[in-house]
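The structure under discussion appears below in the form of structure tokens.
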Amino acid sequence: MPPIKQPTPGEIYQSAVRFKDELIARDQKASETIIKAYARSFRKMEASIRQLTDRIERARAAGEYVSPSWAFQIDRYQTLQRQIAEEIGRIAGQVETTITRNQSAAIRDAVANTGKLIEMGAENAQLTVSFSQLPKAATESIVGFLADGSPLNTLLGKLPGLAGQAVANALTEAITNGYGATRTARMMRDALGGNMTRALTIARTETIRAYREATTRTFNQNRDILQGWVWVASFSRRTCASCLALAGSVHSLDERMESHPRCRCTQAPLIRGQAVEFQKGEEWFATQPTEIQRAILGSNVAMKAYEDGRATLLDFVGRQNSPQWGRPYYQLSTKKAVLKQGQFPGYNQPTDNFSVEQLFGLPKPQPPQPLNLTNPLGGLPRK
């Protein structure tokens, strides 16, 4: 009987990418729901916007002095602002419901997918392991990002006010520049469109955040058989330079995966004794045509800096520091990259001189043997 083919690190990595793509596919359906909700509200506000711009045109035709302060005081503007507050407030509630529903589904998928990836990693390391499921209470507590007083709840609550301010700014610019009714109305609609984009960003980011949090907790539930996790990013022209540079990097179990809004990256578990053979994003990037490299870096200036050797892909990795949202990775400007102000984590630097065990101070892996490990504490380790 021929030996059973063990999954390769590349196959494990691609499975993690596939699981992530399935999550994003569901998110796209949720985005369609949010877009339809905004479309219905736009149609309702369209009449109020037209009535306001027509009122401004009539005043100008009558020789009245039209200023932003004048426009803000008339009834048509006040009616529109009340309508914006009501409609966007209602949408914010729908966004909250959508995110909560998607978070619950994402958490279930994260636990199931993480189990599959751990099994694949164990097969690759030729180990028999016992996967410890995350307790139900731990998964349910993750859907708490929308609790009153949380950063997300506060952010959603700001949507109506932000929409009203954006419309006011657009109207001010239009009146100051003497734009006609048609252009003014279009600018005000575009301002509301920006509010929709913000809502979509929140929905995508918080769904993936829940998926990552469930993944992190599951990793910690099985830290007796794991030695870390690997950053998984799609190797494509749509991936930002920061995420691509981090692709294939190894992280300790104590580090949460934090990245910029709408980031599509995810994690793959690294079993104790499993070789680190994932292709790094920097290696893939170096083999790509100039056109794709430029698209990823985002500008000709960045491309020139890379070609001249003034900045490597790793130099574009930046990290923010927010008391509310943590320390997400993001793509640095070319100026900061050239000045070597990047924050690519030091222990992730590609090296042939140190093993993962040495990097993290772990004992050397033992020869393959059957394991039956569960977390005796029955919960997550205390931080």
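The values are calculated or read from the model by the stated rules, or taken from the named source; none is laboratory data. Just so you know, these numbers come straight off a predicted model, no measurement behind them. Note: ideal-geometry Cβ built from the backbone for every residue, glycine included; neighbour counts use all protein chains shown. Remember, those area values only see protein heavy atoms, side chains included, never the ligands or the DNA or RNA. Shrake-Rupley method; radii C 1.70, N 1.55, O 1.52, S 1.80 Å.
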* Structure fact -> If unit charges are put on Cβ atoms (+1 for Lys and Arg, -1 for Asp and Glu) and the dipole of the chain is taken about its Cα centre, the option from 52, 345, 289 lying farthest towards the positive end turns out to be 52
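What net charge do the residues around residue 234 carry, taking every other residue with its C-beta under 12 Å from that of residue 234, with Lys and Arg at +1 and Asp and Glu at -1?
So the surrounding residues net to +4.
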* Structure fact -> Diffing the stretch 47-61: the Karplus 3J(HN,Hα) column from phi (6.51, -1.76, 1.60, θ = phi - 60°), in whole Hz with x for Gly and Pro, holds 5, 5, 5, 5, 4, 5, 5, 5, 5, 5, 4, 5, 5, 5, 5
* Determine ³J(HN,Hα), in whole Hz, for all residues of the stretch 187-203 in sequence, where each value follows from phi through the Karplus function 6.51 cos²θ - 1.76 cosθ + 1.60 and θ = phi - 60°; x replaces Gly and Pro. => 5, 5, 5, 5, 5, 5, x, x, 5, 5, 4, 4, 5, 5, 5, 4, 4
* Show me 94-105, 212-223, 24-35 ranked by packing, highest mean number of other Cβ atoms within 10 Å first. => 212-223, 94-105, 24-35
* **Net dipole in debye of the chain [+1 Lys, Arg Cβ; -1 Asp, Glu Cβ; about Cα centre; nearest 20]** => 840 debye
* Asked: Between residue 18 and residue 176, what FRET efficiency follows from the Cβ-Cβ distance if R0 is 51 Å, with the result rounded to 0.05?
  -> 0.50
* Qualifying chymotrypsin sites (Phe, Trp or Tyr not before Pro) for the stretch 50-106 [loop in DSSP, other Cβ within 10 Å: at most 13] -> 65
* To do: With a 1.4 Å probe and every protein chain kept in, tell me what percent of the accessible surface of the chain is carbon plus sulfur.
  => 51 percent
* Share, in percent, of DSSP beta bridges within the chain that are antiparallel, nearest 5 -> 85 percent
* Identify all aspartates and glutamates with a Cα-Cα distance to residue 335 below 17 Å; exclude those on the same chain that are fewer than 8 residues away in sequence. => 307, 308, 315
* To do: Give me the Debye-computed log₁₀ of I(q)/I(0) at q = 0.24, 0.27 Å⁻¹ for the stretch 44-104, equal point scatterers on Cα only, no solvent, two decimals.
  => -0.94, -1.06
* Place +1 on the Cβ of every Lys and Arg and -1 on the Cβ of every Asp and Glu in the chain, take the dipole about the Cα centre, and give the residue among 220, 267, 167 whose Cα lies farthest towards its positive end. => 167
* **Solvent-accessible area per residue for the chain (1.4 angstrom probe, square angstrom)** => 49 Å²
* To do: Convert each backbone phi in the stretch 276-290 into a coupling constant with the Karplus relation 6.51 cos²θ - 1.76 cosθ + 1.60 (shift: θ = phi - 60°), then list the ³J(HN,Hα) values in order as whole Hz, x for Gly and Pro.
  => 8, 10, 6, 5, 8, x, 4, 5, 5, 4, 5, 9, 8, x, 4
* Asked: At q = 0.06, 0.11, 0.12, 0.15 Å⁻¹, what base-10 log of I(q)/I(0) does the Debye formula yield for the chain when every alpha carbon is treated as an equal point scatterer in vacuo?
  -> -0.32, -0.88, -0.99, -1.29
* Spatial separation of Cα centroids for the stretch 178-239 and the stretch 299-340, in angstrom -> 20 Å
* Could you sort out which of 36/158; 116/340; 20/136 sit more than 28 Å apart by Cα distance in this structure? => 116/340
